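Inspection log for the structure reproduced underneath, given as C-alpha cells.
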Amino acid sequence: MDQRQLFLRHVAQTSQAPMLVEVARAEGCYLYAPDGKRYLDLISGIGVSNVGHCAPEVVAAVQAQAARYMHTMVYGEFVLTPQVALATLLADQLGPTLDNVYFVNSGSEAVEGALKLAKKFTGRSEIIAFHNSYHGSTHGALSVTGAPGLKEGYGPFLPGVTFVEFGSHAAIDAIHEGVAAVIVEPIQGEAGVRLGTRNWLYALRTRCDITGTLLIFDEIQTGFGRTGDLFAFQGLGVIPDILLMAKGMGGGMPIGAFVSRQEVLQVLTHDPVLGHITTFGGHPVNCAAALAVLNKILDERLVERVATLETIIRQELNVPGVLELRGKGLLYAAEVGEFDRVLRVIARCLEHGVITDWFLHCNTAIRIAPPLVISEDELRDGLRILAAAISAES
Ligand code: PMP
C-alpha cells in the first residue's frame, strides 16, 4: 500500500473526503509534496502558522530546548525557564489585568480551563454563549459551541448554558447575577468571520461588570496578530477577564493558554488543591517555540504588515463571483453562495498549488488566512489564482 492508502486505512478520519495532500516538508508560506509540487498555504494550517512554516527562529528554539530538557513534571510545580520567560513576555503585552497565565495543550483545553475557572471564582454555574460560535471539540467546549449540527449524537451537554444571538441586545439582557461567564469570540471565526462591534462588546463588558460575571474572550483563532492587532481585544479597547489563546501561539507546536489576573487564577490552587492540572500543558519545548514566535512577531513588527496585506485581499477579491467579503486583517471569508461551488473552487485552487478551505459553520464561503510573513507578491499571486477559480466556477 502507498502512503495515501496506509493513511486511509490506519489514521482515523474526520471526514469522508479528506484533501489527501501529501506533505514532504514545509517552509515559509509553502508546503511541498514528495514530487516537489509546491502549495501556497493561504490558511496557515488553519490559523496556526502565523509566522510561517518552520520559521528558523522557532525551529532553533525547539531544537535547543529539546536538547536541554523536555518534560520534567506535571505543569505548575517546577520552575522552568521557557514557561517563565513566555508568561512574563505575554503579561508584558497583555497589560496589568491579564498578567497570570495558565498554559495548556490546545484551544479546547483553554476553553475547558476557563469555564471551570469562571464557575469556581464566581461560585455560579450558568454560562452564556453564542449561536454560531466555535470553541472546540471536547465536551465542555462543545457544550458552549453554538452549532447544533456539529453536536448531533454527542449529547447530553453541560447544563446551564444559554445561547443568544451574536451582536444582539438580547445578549446583554440575558446576563444576570447567576451567570458565571459570558464566552464570546470578539470576531467569530468558524461562523464565516463575523465581527463583533466595539459598542456591543463594550456593552457586554459593562453588563458583566454590573453583574459580577466574568467575560471570556476566545481569541484562539484571532490571536497572535491575525486580525491586525496582537490580540483583537487590544484594537477594540475592550478587555476581557479571561483571554484564551492557542493555534498561532506555538508556531506549529501544540500550546494554548487561559490568562487572567492572579486573584482569579489562584482559586485553582485551593479547595480542592489542583483545581486544574495537566501533564503536558506548558511543555518546555512548546513554550520555547511560543517564546520564539512572540519575539519574532514583536521584533519584525509583523502585526504592522497586516493592514497592507489586508488591502491586497480587498483589491484582489473585488471580483464578480465574490458575493460578500467579510473580515479583518488576515482573517477573511469570501462568500460564493453555494457549498458545491466552494468545493469546486477549493479543488481548482489545489490543482493550481493554492490551499484554501471553508468554515465549520459557513460552508458557502472560502477561508483566507495566510501567514503574516507572506510577501505582497505571494499574496497577490495566490489570490489571483483564487479569484480565477471563483470566476471559473461562478
Ligand atoms: N476556539 C476557536 C475560536 C477556534 O477557532 C478553535 C479551533 N478552530 C478552538 C477554540 C479549538 O481549538 P483546538 O482545535 O486547538 O482545540
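Observations, loosely collected:
- Close Cβ contacts (under 6 Å, 6 or more residues apart or on different chains) running from residues in region 245-267 that are of a type in the set (Val, Ile, Thr) to residues that are in a helix (DSSP H, G or I) comprise Ile255/Met249; Ile255/Asn286; Ile255/Ala290; Val264/Phe121; Val267/Lys120; Val267/Phe121.
- Scope region 188-212; condition closer than 17 Å to Ile242 by Cβ and within 16 Å of the ligand (Cβ to nearest atom); matching residues: Gly196, Leu201
- Test set (1) of a type in the set (A, V, I, L, M, F, W, C); (2) under 14 Å from Tyr75 (Cα atoms); (3) surrounded by fewer than 24 Cβ atoms within 10 Å (Cβ to Cβ) - Leu265 fails condition number: (2)
- Only one entry of Leu330, Leu323 meets the criterion of being within 14 Å of Gly192 (Cα to Cα) and free of Cβ contacts under 8 Å to residues at least 24 places away in the same chain, and that entry is Leu323.
- For region 34-81, a tally of residues being part of a helix (DSSP H, G or I), touching a Lys or Arg at 6+ places or on another chain (Cβ under 7 Å) and more than 16 Å from Leu331 (Cα to Cα) returns 1.
- Residue list for region 230-269, filter: more than 16 Å from the ligand (Cβ to nearest atom), in contact with a Lys or Arg (Cβ under 9 Å, 6 or more places away or on another chain) and within 22 Å of Val373 (Cα to Cα): Gly235
- Pairs where the first residue, in region 158-178, is within 17 Å of Gln188 (Cα to Cα) and the second is of a type outside the set (Lys, Arg) and loosely packed, with under 13 Cβ neighbours inside 10 Å, C-beta under 8 Å, 6+ apart: Val164/Ala170; Gly167/Thr197
- Yes/no for Ala129 being aliphatic (A, V, I, L, M), near the ligand (Cβ under 8 Å from one of its atoms), at pLDDT 95 or above and under 18 Å from Glu185 (Cα atoms): no
- Filtering Phe103, Phe121 for residues that are among the aromatic types (Phe, Trp, Tyr), touching a residue at least 60 places away in the same chain (Cβ under 8 Å) and away from the ligand (no atom under 15 Å from the Cβ) leaves a single hit, Phe121.
- For region 242-268, the set of residues classified as part of a helix (DSSP H, G or I) and at negative phi consists of Gly248, Met249, Gly250, Gln262, Glu263, Val264, Leu265, Gln266, Val267, Leu268, listed by residue number.
- Near pairs, Cβ below 8 angstrom, 6+ apart or cross-chain, from region 217-239 (among the hydroxyl-bearing types (Ser, Thr, Tyr)) to any residue that is within 16 Å of the ligand (Cβ to nearest atom) and part of a helix (DSSP H, G or I): Thr222/Ala232
- Leading residue by the ranking (surrounded by the most Cβ atoms within 10 Å (Cβ to Cβ)) among those in region 151-202 that are within 20 Å of Ile220 (Cα to Cα) and among the acidic types (Asp, Glu): Glu185
- Qualifying residue in region 57-71 (condition: within 16 Å of the ligand (Cβ to nearest atom) and without any contact (Cβ under 8 Å) to a residue 24 or more places away in the chain): no
The values are calculated or read from the model by the stated rules, or taken from the named source; none is laboratory data. Quantities reported herein were computed from a predicted structural model and do not represent experimental measurements. FYI the Cβ positions are ideal-geometry reconstructions off the backbone, even for glycines, and counts take in every protein chain you see.
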